[in-house]
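Novice: First the structure, which I've put down as structure tokens, then a few questions once you've had a look.
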Amino acid sequence: MCQQNAYTYSLKFIPVMLLFTALAGMIDGKVTGSNEKSKGQQSPQIEFCAIPAGSFVMGADMDPKYIAAGKEEGWRSIFIQDEFPQRKIKLTHPFEISKYEITNAQYEQFDPSHKSWRGKFRNISIGDNEAVVYVSWEEASAYAAWMSKNDIQFDYRLPTEAEWEYTARAGTRTPFNNGVTGDIYDLNPFDSVQMKRMNYQWPYPFTYTNGVRKWVTWLPEKCVGVEDVYPDARQIKDVDLTVGQSGPNGFGLFDMQGGVEEWVWDWYGPYCQYDTVNPAGYRSGDFKVTRGGSHNNHIQQTRPANRMSAAINDKNYFLGFRVVRVPKTGQSFNKLPEQPVYPWASKVSTKKYAWADESDRPFFSITSLYELVPALKDGSHYGSDKQLAQFGFDKSVMLPLLTGPLYSHNHSPTIEWCENGDIIVSWFSGESEIGPELTLLASRGKRQADGSLQWTPPAKFLKAEDRNMHSSNILNNSVRISSKRDAKFVLHQMASIGLTGRWDKLALGYRRSTDNGATWTPVKMILDPDHGPNAGASMQGNMFQTEDGMLAFVTDDKGDSFAGTGSLVVSTDNGENWERRGYSRETPDSLRIAGGHAVVVEIEDVNHDGRRDLMAIARDGGAYYSGKAPESISVNGGITWQRSPSVFPSVSTGQRMTMLRLRYSALPGSIHGTKPILFTGFADDSIRARDGEGKMNYITGLYAALSFDEGKTWPEQYRKVISNLKGPDTLNLAIAPWQRTALLTKTKGQNEGYMSSAQTPDGTIFLTDGKIVYSFNLKWLME
């Protein structure tokens with residue numbers, strides 16, 4: 001067994017070369033097709049370097065103090081938790097690895113159609129002898145399998161992560177493979193010519209408070225803000241990727257630091273300290289590992305120890321590869337461990353939960369999913385061992401934890417229920433919304449025998465390493481099941497996944513689970529896998545289902561002359577295929593959803609064409625209609641939208657609304673059987689609503705509203721502050737955004753937060769900002 005802290009891996013014997021063979025079989029159609037196109041051509045002329053068998057220390061080559069972001073380190077941090085534990089690795093077989101990164105000319109002997117990708121973004125990688133980019137892991141592996149079929153002496157494959165680091169270090173054990181030691185914040189392996197030629201970024205980023213320096217009165221020495229270090233999409237420069245410009249290292253290899261990121265064989269996961277002989281990663285995973293860093297990015301990512309990862313079909317202007325060759329006799333890697341089991345995935349029930357009927361008694365509760373360790377007196381927020389553990393690292397045993405990393409900024413949640421009765425809440429956590437550390441965490445509310453929920457500690461849920469995981473949504477297929485379109489319960493997750501560095505190079509990644517979120521399929525990029533058009537890739541709206549079975553996620557698009565706009569990403573076949581509706585470069589501004597971070601719900605047939613329609617309400621900071629949040633209606637399934645002012649006050653920075661069809665509610669009196677729409681928003685200035693005592697009053701902050709006529713009206717008597725306080729009672733809540741304190745009274749709800757809502761089949765409504773979870777029923781809202 002391979003243990004790490006309190007959670008376990010199970011090791012099973014699997015010859016890795018069998019996996020390579022299986023992969024070749026899996027992609028045989030593509031390889032054969034490319035072979036046919038390549039008949040009569042010579043095999044690619046690739047130079048190889050012989051690498052001897054040997055041992056080396058793999059992993060972090062820096063003091064753990066660099067994990068901590070504290071005042072003594074100038075509020076800087078290098079996110080190297082995943083480079084621990086340091087392990088002495090033994091590679092028992094010699095191998096050969098390509099001397100240079102694979103070039104356009106070499107790759108296109110396999111896939112001539114790739115020429116259409118040359119220079120796709122900023123004219124990057126146009127020449128024959130430039131490192132090939134826009135190649136996915138699947139395609140790089142297919143290329144290696146094709147080479148194997150064309151060679152009677154050797155088999156080809158991607159290097160394992162251990163092989164890659166072994167060859168990159170070439171006997172060194174320093175932050176860069178030049179043997180130079182010192183303060184990492186002072187080290188730079190590239191000269192000024194190389195820095196300019198490849199647009200490498202340095203010095204190190206200032207991570208605290210989102211890099212927005214107006215929030216602080218000083219700037220650490222030799223530091224710049226995150227937004228200044230990582231170039232945005234507009235600042236990416238054309239670079240010369242001609243191979244052989246950097247090096248050689250001790251093994252005679254070129255461009256092992258920088259150039260392009262290089263795919264390796266392994267599924268990404270935390271290092272297993274007992275997997276030390278010919279390790280080849282895990283049996284499965286969310287993402288594949290990439291190594292070496294790239295042009296147009298920070299030099300810290302070029303360190304031999306630095307680990308990155310990406311979806312298997314991700315293809316962008318940073319990603320390339322090199323190959324390993326071994327004799328046809330084969331080499332096997334004996335053990336591939338299972339991924340560690342995070343708290344949200346541990347002992348997940350497989351039984352279908354028997355939901356109770358909706359309660360006719362009002363109830364309301366508030367739960368906090370976690371509490372951060374307070375900052376020290378000097379202001380440092382990861383200066384103690386407890387804070388470091390919260391950051392995801394156990395200093396006492398020098399191991400990363402399977403809880404956390406719980407950073408100082410927790411935001412942009414999503415919440416959904418499972419067939420087994422559990423509730424999953426996920427949100428992003430980071431020091432900077434802009435930075436590469438931004439991680440999706442999750443906590444599972446496990447359903448207990450008495451019907452209560454027991455919440456697991458926050459733990460990593462989805463993370464492409466060194467990529468900005470800006471937001472996500474989770475949606476189940478319960479409506480499709482109820483209409484008998486589907487037989488099996490499925491959870492769908494869509495996430496915004498960036499390239500190295502900033503949040504403005506996003507694309508959409510999708511995965512699904514059929515076991516209540518215990519395990520998930522590998523992430524696949526959809527729609528725009530190249531990260532080129534960023535618009536339409538930020539998942540800051542809600543998710544919803546329509547009566548005809550459509551699954552829909554709401555994304556932010558480019559802004560118009562007033563504010564941001566939004567559109568839909570939809571699937572009509574339970575997540576098998578996805579399409580974008582309502583946004584393209586040709587769509588006029590006025591026909592998109594008005595405002596950003598839109599919430600959308602299906603409504604009755606407005607134009608009487610026999611099809612139900614859609615209503616959206618969005619955030620605009622008061623830009624469209626003098627302080628009234630914009631409402632948009634679509635009568636063609638989200639392709640175009642017509643705008644008008646809603647009755648609700650606008651919301652602005654730090655605030656996000658929700659809207660939800662209450663499917664599981666039987667209402668009393670004359671409106672019995674109606675399925676109302678629930679809206680939640682923020683009132684910075686007072687509005688009329690019921691207070692915590694149920695009396696009509698003027699309230700501020702977070703509130704809920706109900707419509708029983710498909711959004712035409714939202715009566716004041718069916719609006720209520722999200723607070724159950726009475727009389728002079730007060731409650732201080734540490735809420736998710738930046739852990740600020742919100743004061744609740746009978747007339748005041750929390751004043752900010754990106755909210756997300758869901759309703760379970762027993763009628764319970766859940767509303768969360770990613771830290772605070774409110775639960776209540778319709779009876780409480782209406783009393």
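The values are calculated or read from the model by the stated rules, or taken from the named source; none is laboratory data. Everything numeric here is computed off the predicted structure, so don't read it as measured data. Here the Cβ positions follow ideal geometry from the backbone for every residue, glycine too, while neighbour counts run over all protein chains shown. When the accessible area is computed, the model is the full protein with side chains, heavy atoms only, and any ligands, DNA or RNA have been set aside. Shrake-Rupley method; radii C 1.70, N 1.55, O 1.52, S 1.80 Å.
Novice: DSSP loop trypsin sites (Lys or Arg not before Pro) in the range 317-356 with at most 16 other Cβ atoms within 10 Å of their Cβ, which ones?
Specialist: 328, 347, 351, 352
Novice: I'd like the FRET efficiency for residue 521 and residue 729, computed as 1/(1 + (r/R0)^6) with the beta carbon distance as r and R0 of 41 Å, rounded to 0.05.
Specialist: 0.30
Novice: Also, quick follow-up: Given a 1.4 Å probe, how much area per residue of the range 348-496 is accessible, in Å²?
Specialist: 36 Å²
Novice: Further question: Quick one: grab the alpha carbon gyration tensor of the range 41-175, order the square roots of its eigenvalues as a ≥ b ≥ c, and give me rounded if a/c is under 1.5, else prolate or oblate depending on whether a/b is larger than b/c.
Specialist: Cα axes put the range 41-175 in the oblate bin.
Novice: Heavy atoms only, probe 1.4 angstrom, no DNA, RNA or ligands counted: give me 556, 709 ranked by accessible area, highest first.
Specialist: 709, 556
Novice: Mind checking the dipole of the chain: about its Cα centre, +1 per Lys or Arg Cβ, -1 per Asp or Glu Cβ, Debye to the nearest 20?
Specialist: Once rounded to the nearest 20, the dipole reads 780 debye.
Novice: Regarding the range 687-783, what's the average projected area of the Cα-atom convex hull, expressed in nm²?
Specialist: Mean projected area for the range 687-783: 6.3 nm², to one decimal.
Novice: Follow-up. Once you have all Cα-Cα distances for the range 132-206, histogram them in 10 Å bins from zero and send the whole-percent values.
Specialist: It works out to 15, 27, 31, 21, 6, 0, in whole percents.
Novice: If you don't mind, another one. For the chain, find the longest principal axis of its Cα atoms and tell me its angle to the long axis of helix 16-26, 0 to 90°, nearest 10.
Specialist: With rounding to tens, the tilt is 70 degrees.
Novice: In addition: Could you name the aspartates and glutamates whose alpha carbon sits less than 18 Å from that of residue 628, not counting residues in the same chain fewer than 8 places away?
Specialist: In chain and number order, the partners are 560, 620, 684, 685, 716, 752.
Novice: Around residue 574, which amide H atoms from residues at least 5 apart in sequence, or from another chain, sit under 5 Å from its own amide H, with H modelled in the peptide plane?
Specialist: It is 551, by chain and number.
Novice: Given the rule -39500 (n - 2.57) for each run of at least 4 DSSP H residues, summed and divided by the residues of the chain, what is its mean residue ellipticity at 222 nm, to the nearest 500 deg cm²/dmol?
Specialist: -2500 deg cm²/dmol
Novice: Given charges of +1 on the Cβ of Lys and Arg and -1 on the Cβ of Asp and Glu, with all other atoms neutral, how large is the dipole of the range 330-370 about its Cα centre, in debye to the nearest 20?
Specialist: Magnitude of the dipole: close to 260 debye.
Novice: Relative to the longest principal axis of the chain, what angle (0 to 90°, nearest 10) does the C-alpha long axis of helix 28-37 take?
Specialist: That works out to roughly 60 degrees.
Novice: Of all the accessible heavy-atom surface of the chain, with the other protein chains kept in place and a 1.4 Å probe, what percent is carbon and sulfur?
Specialist: C and S atoms contribute 50 percent here.
Novice: So, one more: If each of residue 349 and residue 186 carries a label point 7 Å out from its Cα toward its Cβ, how far apart are those two points in nm?
Specialist: Inter-label distance under the simple model: 5.9 nm.
Novice: Not counting ligands, DNA or RNA, and with a 1.4 Å probe, what is residue 470's accessible surface area in Å² rounded to the nearest 10?
Specialist: 10 Å²
Novice: Using 7 Å Cα-to-Cβ label points, what is the residue 636/residue 197 separation (nm, one decimal)?
Specialist: 5.2 nm
Novice: With θ taken as phi - 60° and the coefficients 6.51, -1.76 and 1.60, list the Karplus ³J(HN,Hα) couplings across the range 182-195 in order, rounded to whole Hz; mark glycine and proline as x.
Specialist: Result, ordered by residue: x, 5, 4, 6, 9, 7, 8, x, 10, 7, 4, 5, 5, 4 Hz.
Novice: Using the Kirkwood radius built from alpha carbon pairs, what does the Stokes-Einstein equation give as D for the chain at 20 °C and 1.002 mPa s, in µm² per second?
Specialist: Using the Kirkwood radius from Cα pairs, D works out to 78 µm²/s.
Novice: Distance cut-off 31 Å, Cα to Cα: go down the list 315/386; 149/196; 115/505; 488/524; 484/695; 386/748 and report the pairs above it.
Specialist: Violating the 31 Å limit, Cα to Cα: 315/386; 149/196; 484/695; 386/748.
Novice: While we're on this one: Skipping prolines and chain starts, which residues have an amide H placed within reach, meaning under 5 Å, of the one on residue 455, given they are 5 or more residues away or on another chain?
Specialist: Here 446 satisfy the definition.
Novice: Can you give the Rg to Rh ratio for the range 370-477, taking only C-alpha atoms and Rh from Kirkwood?
Specialist: Rounded to two decimals, Rg/Rh equals 1.01.
Novice: What whole number of Å gives the distance from the Cα centroid of the range 231-260 to the Cα centroid of the range 487-546?
Specialist: Comparing the Cα centres of the range 487-546 and the range 231-260, I get a distance of 30 Å.
Novice: Which value, in debye to the nearest 20, gives the size of the charge dipole of the range 411-526 about its Cα centre, when Lys and Arg are +1 and Asp and Glu are -1 at the Cβ?
Specialist: 460 debye
Novice: For the range 647-744, which trypsin sites (Lys or Arg not before Pro) pass both filters: DSSP loop (anything but H, G, I, E, B) and at most 16 other C-beta atoms within 10 Å?
Specialist: 663, 695, 712, 726, 740
Novice: Hey, another quick one. Could you put 612, 512, 169 in order of accessible surface area, largest first, with the 1.4 Å probe and the full protein assembly present?
Specialist: 612, 512, 169
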